[in-house]
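Step one of this worksheet: look at the structure below.
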Amino acid sequence: MIEIENLTKSFGPIAAVRGIDLRVAKGEVLGFLGPNGAGKSTTMKIIAGYLSPTTGRVRIAGHDVESDLQAAQRVLGYLPEGAPAYGDMTPRQFLKFIAAVRGYSGTEAKDRAALAAQRAELEPVLEQPIDTLSKGFKRRVGLAQAILHDPPVLVMDEPTDGLDPNQKHSVRKLIREMAAEKAIIISTHLLEEVDAICSRAVIIDRGRIVADGTPAELLARSRFHNAVTLTLPATQAASAKAKLATHREVLSIEDGSEHRGLVTLTAFPRNATILIDDVSALATEEKWDVKELYAEPGRLDEVFRSLTTSDSERVRALKEGVAA
Amino acid sequence: MKSVCPIFKREFASYFATPLAYVFIVIFLFAMGAFTFYIGRFYEMGVASLEVFFGYHVWLYLFLVPAIGMRLWAEERKSGTIELLLTLPIPIWASVLGKFLAAWAFTGVALALTFPIWLTVNYLGDPDNGVIVASYVGSFLMAGAYLAISAAVSATTSNQVIAFVVSVVICFLFTISGAPLVIDFFKAWAPIALVDTVASFSFMTHFQAIGRGVIDLRDLVYFGSLIALFLGINVVLVDMKKAG
């Protein structure tokens, strides 16, 4: 449904997007990850037709964004960063305006607006000016606007940013409900969100895709993948550590600091072998007083950090790039 | 054309959603009265004509119309709603036209509310109502021209104050290009043809021509093409921002 080919975008000497290729099919929820300034929002703005690409092309449901913009925008629901809306209008007026712009009239416009408001749980605030709404409601007004015409393609820039955990939960529920019959891209820097709703995650850094896979595949890249963490009394820690180190599949062991007489050890496997069975057997055999024992699925934040650059590094690199 | 309508409605309603419309209308009417009766000495003249009244429109519009036009695009840019507007499936020209027509209709409302002065001259004397109608038409067209300029300037910035000041300056140049201040400067050295061309760009020249009660096609074409030109520039300016 969404096809992006060799997309680049430069603002003067600064290259914000440097060659992105991406295809998103119906039924996919793609999580767009990356540090601030990596090019997430720029890419989404180009998909929505707000910015023109420097090179490359974008097609939405077969419509080229450059040559057939309006057709592409008709099948697209877009939530811009920060969910802008006309503050002097009430959500009801605003949604009716969106319905009218999208070509609905009469009862259909009314029904569409009402349904979108209901799905985004806006009913309690329908008659309040948007300017007076809380951040959570404002974000949901933007969401309602994006889904009003039930678009086959949905692009949302940080849909859960600034929401409290309950609001996040309801927005995620809504996205999950729509996932089956739409192609959806959401950007986020909440890694938990990828686990919660995305069927696929793409990490971009400095305008390039550095990872693309299911959340499980990304987790498998973590050095914590299949590692075993166990907590046991400090008195047994040294011997347990020595014993674990003799296991041929254990690559290394890290230990945390002592807390209330307990120590946490993490054993990292060679080649992502599953260690948990062996470690658990060993613990029984050696009669360690294990308080906690679990296999790590991997840590997304660690994968994220290893693949992306911090903003200070990035600014430095950019300046060098400009100078060169 | 269908997409112009919702834009127009939203924009027009937004004037009345805030105190802006009421403040503007009150100031407009008050200033009109003050100029006409005190500075223009409407009663002392003892003539049943609205020539004095219309004579001040040029100068009032110079400041008040940019005040209406400055927010058209600058505010959208500031609040980020421009991203929403430009990603809805409507062509840019429809947004430009819808916004312009809404603001123009609003100035039309303010202008229409000056009707008591028309009633007054008709009560006091026997004015030429044809001339008055023509002058109202001319005044409305002139407001449209000022507005088209202000809207185009507004599209270049997210700062409303800058939009206002720049609009006033450009409108001022268009206003006085027929006045002796400018014409004398050209007369000294330029050929008559050039002097006439510069003079023909003046709002005042065309407005006064209409104010004599003759709606000449040339004056209509002048204001119409000026509005079209600046709306075209407006479309280009909004579109240009897409390049980043």
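The values are calculated or read from the model by the stated rules, or taken from the named source; none is laboratory data. Nothing here was measured: the structure is a model prediction, and the numbers come from that model. Here the Cβ positions follow ideal geometry from the backbone for every residue, glycine too, while neighbour counts run over all protein chains shown.
Odds and ends about this structure:
- Test: residue in segment A:23-32 that is surrounded by 24 or more Cβ atoms within 10 Å (Cβ to Cβ), assigned by TED's automatic domain parsing to the domain that holds A:ARG176 and either modelled with pLDDT under 90 or assigned to a loop (DSSP other than H, G, I, E, B) (or both): no
- Candidates are the residues of segment B:145-182 that are touching a Cys at 6+ places or on another chain (Cβ under 8 Å) and of a type outside the set (Val, Ile, Thr); the one that is nearest to B:ALA209 (Cα to Cα) is B:TYR146.
- A:LYS9 satisfies every condition listed in (1) within 13 Å of chain B (Cβ to nearest Cβ); (2) surrounded by fewer than 24 Cβ atoms within 10 Å (Cβ to Cβ); (3) among the basic types (Lys, Arg) except (2).
- Counting only residues that are within 20 Å of the chain's Cα centre (by Cα) and either without any contact (Cβ under 8 Å) to a residue 60 or more places away in the chain or within 13 Å of chain A (Cβ to nearest Cβ) (or both), segment B:73-93 holds 2 of them.
- Pair list, Cβ under 6 Å, 6 or more apart: segment B:221-241 residue under 10 Å from B:VAL96 (Cβ atoms) and of a type in the set (A, V, I, L, M, F, W, C), other residue at pLDDT 90 or above and surrounded by fewer than 21 Cβ atoms within 10 Å (Cβ to Cβ): B:VAL235/B:ILE92; B:VAL235/B:TRP93; B:LEU237/B:THR156; B:VAL238/B:ILE92
- For the residues A:ALA242, A:ALA216, A:ALA281, A:ALA201, the requirement of being in the same structural domain as A:TYR78 (by TED's automatic domain parsing), surrounded by fewer than 13 Cβ atoms within 10 Å (Cβ to Cβ) and not hydroxyl-bearing (Ser, Thr, Tyr) singles out A:ALA216.
- In segment B:43-55 there is at least one residue that is surrounded by fewer than 23 Cβ atoms within 10 Å (Cβ to Cβ) and in contact with a Phe, Trp or Tyr (Cβ under 6 Å, 6 or more places away or on another chain).
- Scanning segment A:116-127 finds one or more residues that are under 20 Å from the mean Cα position of the chain (by Cα), in a loop (DSSP other than H, G, I, E, B) and not acidic (Asp, Glu).
Here's the yes/no breakdown for (1) at positive phi; (2) modelled with pLDDT under 80; (3) not hydroxyl-bearing (Ser, Thr, Tyr):
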{"residue": "A:HIS225", "(1), (2), (3)": "no, no, yes"}
{"residue": "A:ALA240", "(1), (2), (3)": "no, yes, yes"}
{"residue": "A:ARG248", "(1), (2), (3)": "no, yes, yes"}
{"residue": "A:ARG270", "(1), (2), (3)": "no, no, yes"}
{"residue": "A:TYR294", "(1), (2), (3)": "no, no, no"}
{"residue": "A:VAL303", "(1), (2), (3)": "no, no, yes"}
{"residue": "A:SER310", "(1), (2), (3)": "no, yes, no"}
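- Taking (1) assigned to a helix (DSSP H, G or I); (2) modelled with pLDDT under 90; (3) of a type in the set (D, E, K, R) in turn, B:GLU75 satisfies each apart from (2).
- When A:GLY298 is tested against (1) out of contact with any Leu (no Cβ under 8 Å at 6 or more places or on another chain); (2) on the phi > 0 side of the Ramachandran plot; (3) crowded, with 17+ Cβ neighbours inside 10 Å, just one condition goes unmet, and that condition is (1).
- Looking only at residues in segment A:64-103 that are part of a loop (DSSP other than H, G, I, E, B) and more than 10 Å from chain B (Cβ to nearest Cβ), the one that is surrounded by the fewest Cβ atoms within 10 Å (Cβ to Cβ) is A:SER67.
- Selection count where residues are over 16 Å from A:LEU143 (Cα atoms) and charged (D, E, K, R), scope segment A:169-217: 10
- Wholly within segment B:188-244, helices (runs of 4 or more DSSP H) carrying at least 3 residues that are within 14 Å of chain A (Cβ to nearest Cβ): B:217-240
- Contact map, segment A:105-122: first residue in contact (Cβ under 8 Å) with a residue 40 or more places away in the chain and closer than 14 Å to A:SER170 by Cβ, second residue surrounded by 15 or more Cβ atoms within 10 Å (Cβ to Cβ) and among the β-branched types (Val, Ile, Thr), Cβ cut-off under 7 Å, separation 6 or more or different chains; pairs are A:ARG119/A:ILE147.
- Residue match in segment A:57-65 (condition: under 20 Å from B:ILE82 (Cβ atoms), touching a Ser or Thr at 6+ places or on another chain (Cβ under 8 Å) and either of a type in the set (D, E, K, R) or in the same structural domain as A:GLY19 (by TED's automatic domain parsing) (or both)): no
- Considering (1) more than 17 Å from B:ALA163 (Cβ to Cβ); (2) modelled with pLDDT of 95 or more, the lone condition that B:LYS99 does not fulfil carries the number (1).
- Test: residue in segment A:36-56 that is part of a strand (DSSP E or B) and within 18 Å of the chain's Cα centre (by Cα): no
- Options A:ARG59, A:ARG18: the member that is touching a Lys or Arg at 6+ places or on another chain (Cβ under 7 Å), over 19 Å from A:LEU174 (Cβ atoms), surrounded by fewer than 20 Cβ atoms within 10 Å (Cβ to Cβ) and among the charged types (D, E, K, R): A:ARG18
- Here segment A:158-188 is the region considered, the condition is being in contact with a strand residue (DSSP E or B) (Cβ under 6 Å, 6 or more places away or on another chain) and charged (D, E, K, R), and the residue that is surrounded by the most Cβ atoms within 10 Å (Cβ to Cβ) is A:GLU158.
- Filtered residues of segment B:1-18 (kept if within 10 Å of chain A (Cβ to nearest Cβ) and assigned to a loop (DSSP other than H, G, I, E, B)): B:LYS2, B:SER3, B:THR18
- Sole exception among (1) under 37 Å from the mean Cα position of the chain (by Cα); (2) outside any strand (DSSP E or B) for A:ALA281, by number: (1)
- Breaking point among (1) aromatic (Phe, Trp, Tyr); (2) away from chain B (no Cβ under 13 Å); (3) under 26 Å from B:MET1 (Cβ atoms), for A:PHE137: (3)
- Filter pass, A:GLU5 being more than 22 Å from B:ILE90 (Cβ to Cβ), of a type in the set (Asp, Glu) and in contact with a Ser or Thr (Cβ under 8 Å, 6 or more places away or on another chain): no
- Here is the figure for segment A:111-134: residues that are basic (Lys, Arg) and within 14 Å of chain B (Cβ to nearest Cβ) total 1.
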